[in-house]
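Can you read through this structure? Questions will come right after.
Rule-based calculations on the coordinates, nothing more; no lab input. Everything numeric in this text was worked out from a predicted model, so none of it was measured. Cβ sites come from the backbone with ideal geometry, for glycine too, and all protein chains shown count toward neighbours.
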Amino acid sequence: MSDRRLVRVEDSDRGGREPRYLHPEYRSSVKRAPAAPLVLLPEALADRTGPVFGTGDVAAADADLTAQHDGDPLGERIVVSGRVLGSDGRGVPGTLLEIWQANAAGRYRHGSDRHPAPLDPNFTGAGRCLTDADGRYRFVTVKPGAYPWRNHPNAWRPAHIHLSVFGRAFIDRLVTQMYFPGDPLFEFDPIFQSVRDPAARQRLVSAFDWETTAPEWALGYRFDIVLGSTPIEESP
Ligand SMILES: [Fe+2]
């Protein structure tokens, strides 16, 4: 323990740009929020040099969530693309992005999801890809539906896609959520509202994008992930 340091990180230290650890409106945060100072573990060489994943493990087809089964999934086909950028504004190449989401009816293919909405036999709801030399990524999927989550009476999550961004080591990981512009549920969602800074909240909302909208085929949404700027948001 001698080389571990106790670090007290208060929600007030985080400037409203990250979700609060303790946000009582988001019921689970009451149990999850650290009650004691955080322990900063010293970095070991293996943390930085250990294997993470092989680029050969990621196939181009993994980025198309609409082509993982025999038929097309139901719902509105969309293209979600953007860049992973460092705080210096440069694209970060070779970064593993993983996404997971509900289907168009707002139902996850997960045993604990009891929402009485239909599962789609043609939609699993998970995909991954690597960023290219400019830090660009692109997914084809369907727009997820809003879903109820029992946090409080009549609680509904705005439509969202969960994202994980892996760095060069297991200890480098950012998990966040991407939302869709103009969602009427934003103001009622304790998870979205746990990011107190309105400008930071907007960094979680994708932009409708004509450039990547494919004629006769799919709407495009753009979502850039800026390391050190995009709020890290973990939730159901
Ligand atoms: Fe979710």
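Anything in the stretch 31-87 that is acidic (Asp, Glu) and touching a Cys at 6+ places or on another chain (Cβ under 8 Å)? List them, or say none.
Correct list: Asp62 only.
If you don't mind, there's one more thing I want to ask. Is the stretch 139-151 home to any residue that is out of contact with any helix residue (DSSP H, G or I) (no Cβ under 6 Å at 6 or more places or on another chain), free of Cβ contacts under 8 Å to residues at least 40 places away in the same chain and part of a loop (DSSP other than H, G, I, E, B)?
Yes - at least one qualifying residue is present in the stretch 139-151.
Do the conditions hold for Arg114, that is, is it in a loop (DSSP other than H, G, I, E, B), within 16 Å of the ligand (Cβ to nearest atom) and surrounded by fewer than 18 Cβ atoms within 10 Å (Cβ to Cβ)?
Spelling it out, Arg114 is indeed in a loop (DSSP other than H, G, I, E, B), within 16 Å of the ligand (Cβ to nearest atom) and surrounded by fewer than 18 Cβ atoms within 10 Å (Cβ to Cβ).
Identify the single condition in (1) part of a loop (DSSP other than H, G, I, E, B); (2) more than 16 Å from the ligand (Cβ to nearest atom); (3) among the aliphatic types (A, V, I, L, M) that Ala200 does not satisfy, given that it satisfies every other one.
(1)
Results for (1) closer than 17 Å to Leu96 by Cα; (2) surrounded by 15 or more Cβ atoms within 10 Å (Cβ to Cβ), shown as yes or no for each residue.
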| position | (1), (2) |
| --- | --- |
| Ile171 | yes, no |
| Thr176 | yes, yes |
| Pro181 | no, no |
| Pro184 | no, no |
| Ala200 | no, yes |
| Leu204 | no, yes |
| Glu211 | no, no |
| Thr230 | yes, yes |
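In the stretch 119-163, what residues are within 12 Å of the ligand (Cβ to nearest atom) and of a type in the set (Val, Ile, Thr)?
If the condition is that a residue be within 12 Å of the ligand (Cβ to nearest atom) and of a type in the set (Val, Ile, Thr), then Ile161 is the only one that fits.
One residue is enough: does the stretch 57-67 have a residue meeting the conditions in a helix (DSSP H, G or I) and in contact with a Gly (Cβ under 6 Å, 6 or more places away or on another chain)?
Taking every residue of the stretch 57-67 in turn, at least one turns out to be in a helix (DSSP H, G or I) and in contact with a Gly (Cβ under 6 Å, 6 or more places away or on another chain).
Turning to a different aspect of this structure: Search the stretch 164-177 for residues being part of a loop (DSSP other than H, G, I, E, B) and either among the small types (Gly, Ala, Ser) or within 12 Å of the ligand (Cβ to nearest atom) (or both), and hand back the single one that is farthest from the chain's Cα centre (by Cα).
Ala169
A further question on this structure: For the subset of the stretch 46-87 comprising residues that are of a type in the set (Gly, Ala, Ser) and in contact with a Leu (Cβ under 9 Å, 6 or more places away or on another chain), which member is farthest from Gln101 (Cα to Cα)?
Per the criteria, the residue is Ser87.
Output the residues belonging to the stretch 121-167 that are of a type in the set (Gly, Ala, Ser) and within 18 Å of Gln68 (Cα to Cα).
The answer is Gly125, Ala126, Gly127.
Table: residues versus (1) touching a strand residue (DSSP E or B) at 6+ places or on another chain (Cβ under 6 Å); (2) within 16 Å of the ligand (Cβ to nearest atom); (3) assigned to a strand (DSSP E or B).
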{"site": "Glu187", "(1), (2), (3)": "no, no, no"}
{"site": "Thr212", "(1), (2), (3)": "yes, no, no"}
{"site": "Glu216", "(1), (2), (3)": "no, no, no"}
{"site": "Tyr221", "(1), (2), (3)": "yes, no, yes"}
{"site": "Ile232", "(1), (2), (3)": "yes, yes, no"}
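Gly82 is checked against (1) in a loop (DSSP other than H, G, I, E, B); (2) of a type outside the set (Ser, Thr, Tyr); (3) away from the ligand (no atom under 16 Å from the Cβ); (4) within 17 Å of the chain's Cα centre (by Cα) and fails just one. What number does that condition carry?
Unmet condition: (1).
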